Structure formats: structure tokens, C-alpha cells
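J.: Before anything else, here's the structure in question.
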Amino acid sequence: MALLPILSYPDPRLHTVAKPVAQVDARITTQIANMLETMYHANGVGLAATQVDFHERLVVMDVSEERDQPLVLINPELTWVSEETQINEEGCLSVPGIYDGVERHSAVTVQALDEHGNSRSIEAEGLLAICIQHEMDHLMGKVFVEYLSPLKRGRIKTKLLKQQKQAEQA
Ligand code: NI
């Protein structure tokens, strides 16, 4: 297993639209293992393949407190969303140190393949529902800051670019 570098906003590669996974084979199994290791190491609740510059429809998540319930979604599709929405504070491993409110469906049903290539349907609410919507946005090339006002987004971009420049010089 290996830790993968996580792309940071505003890296243009974060806006790549991912292709479906054609086959759940050894290549994908290795990618899943590496993404889970990377997510746990970074203390994230979710990581989309897009964030590690792998542009296929694959996300890993773990919203459990004990951090021992990994969830893998391959080729996820929302089959139902609640009319009810709620605003929650979100963060993202690709937007370090930034948290802001985003409106999401309160509950969703997602159809996806698991790590063995078996199809399953998951009904989610609460943090899991938010996480699923956030990670699936990544696969469409969308980062949560794109829900914020252009002014806020501009400030975040400037702040992160400055931090990245300082990190390069350090
Ligand atoms: Ni994210």
C-alpha cells in the first residue's frame, strides 16, 4: 500500500470529470487500498479518486467514530434524493483549513458497486448522505467551494495559493 499525494484547490485537475470504472480488477483493488490508507492517514471522512489524480468513478469513505467501517463506492449513482435539504459545515482534504456551509439533500439513495464488484443500494442520511454528495461532486469535477459566493471563493483561492507558495519555498 502507498500514501497518495492529494491535489489541492485550485489545482485544475480537480475539475476533471471521471470516467466509469470498466472492471473491478487488481488495478482497482490496489487503488482502493491506497485511497483508504491515504484517507485514514489524512483523517478524512471521504476521498474521491479525482483528489488523487485518478479519474475514474471511485470513492472511499468512513463516517464511523471508530474509523473502522470503510465504505467503497464504485460507479455511484443517486437513485433517489429527499426534497428536504439542510445546510451543514463542510471541509475537504483538497481545501485544507477551510470550512463553510453547503446545502445538500438530507437523505439520498445511492446505487454502486462495492470493492468486490457487487451491486448494492445504500439509503443514507446525516453525515453519510452529505459525504456521498460531496464525494460524488468530486467525480464530476466539482469542489465544495464552488457552492460559495464568488467573493468567498476568490478569498479561499488566494489564501491557498499563498500557502502552497510558502510550502514550496520552505
Ligand atoms: Ni472533498
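The values are calculated or read from the model by the stated rules, or taken from the named source; none is laboratory data. Keep in mind it's a predicted model, so treat the numbers as computed, not measured. Using ideal geometry, Cβ is built from the backbone for each residue, glycine included, and neighbour counts are taken over all protein chains shown.
J.: If you take the residues of segment 73-102 that are within 16 Å of the ligand (Cβ to nearest atom) and assigned to a strand (DSSP E or B), which of them is farthest from A124 (Cα to Cα)? Outline the logic, then answer.
T.: Residues of segment 73-102 that are within 16 Å of the ligand (Cβ to nearest atom), as a first pass: 73, 76, 88-102.
Still in the running and assigned to a strand (DSSP E or B): 73, 76, 88-90, 100-102.
Details: L73: 13, P76: 13, N88: 15, E89: 18, E90: 17, D100: 22, G101: 20, V102: 17 Å.
Within segment 73-102, the match that is farthest from A124 (Cα to Cα) is D100.
J.: Which residues, taken from segment 122-170, are under 17 Å from the mean Cα position of the chain (by Cα) and of a type in the set (K, R)?
T.: The answer is K142, and nothing else.
J.: Pull out all pairs, ordered by first then second residue, where Cβ-Cβ is under 6 Å, the residues are six or more apart or on different chains, the first lies in segment 135-156 and is over 18 Å from E103 (Cα atoms), and the second is assigned to a helix (DSSP H, G or I) and within 11 Å of the ligand (Cβ to nearest atom).
T.: If the second residue must be assigned to a helix (DSSP H, G or I) and within 11 Å of the ligand (Cβ to nearest atom), the pairs left are L139/T50; I156/V145.
J.: Just checking, does segment 159-168 include any residue being in a helix (DSSP H, G or I), within 16 Å of the ligand (Cβ to nearest atom) and within 26 Å of S64 (Cβ to Cβ)? Even if it seems obvious, please write down each step before you answer.
T.: Within segment 159-168, the first condition is being in a helix (DSSP H, G or I), and the residues that meet it are 159-168.
From what's left, within 16 Å of the ligand (Cβ to nearest atom): 160.
In the following step, the residues that additionally are within 26 Å of S64 (Cβ to Cβ) were identified as none.
There is no residue in segment 159-168 that is in a helix (DSSP H, G or I), within 16 Å of the ligand (Cβ to nearest atom) and within 26 Å of S64 (Cβ to Cβ).
J.: I need a count of the residues in segment 133-151 that are part of a helix (DSSP H, G or I), out of contact with any Gly (no Cβ under 6 Å at 6 or more places or on another chain) and near the ligand (Cβ under 10 Å from one of its atoms). Before the answer, list the steps.
T.: Restricting attention to segment 133-151, the residues satisfying the condition of being part of a helix (DSSP H, G or I) are 133-139, 144-147, 150-151.
Restricting the remaining residues to those that are out of contact with any Gly (no Cβ under 6 Å at 6 or more places or on another chain) gives 133-134, 136-139, 144-147, 150-151.
From what is left, the residues that are near the ligand (Cβ under 10 Å from one of its atoms) are 134, 137-138, 144-145.
The total comes to 5.
J.: If the requirement is being buried (at least 16 other Cβ atoms within 10 Å of the Cβ), assigned to a strand (DSSP E or B) and either modelled with pLDDT of 95 or more or in contact with a Phe, Trp or Tyr (Cβ under 9 Å, 6 or more places away or on another chain) (or both), which of these qualifies: A112, A129? Step through it out loud before you land on a result.
T.: On the way: A129 fails: assigned to a strand (DSSP E or B).
After applying the criteria, what remains is A112.
J.: Answer yes if at least one residue in segment 82-92 is crowded, with 18+ Cβ neighbours inside 10 Å and closer than 21 Å to N34 by Cα, and no otherwise. First the steps, then the outcome.
T.: Here is the first cut: in segment 82-92, the ones crowded, with 18+ Cβ neighbours inside 10 Å are 90, 92.
Going one step further and asking which of them are closer than 21 Å to N34 by Cα, we end up with 92.
Yes: segment 82-92 contains one or more residues that are crowded, with 18+ Cβ neighbours inside 10 Å and closer than 21 Å to N34 by Cα.
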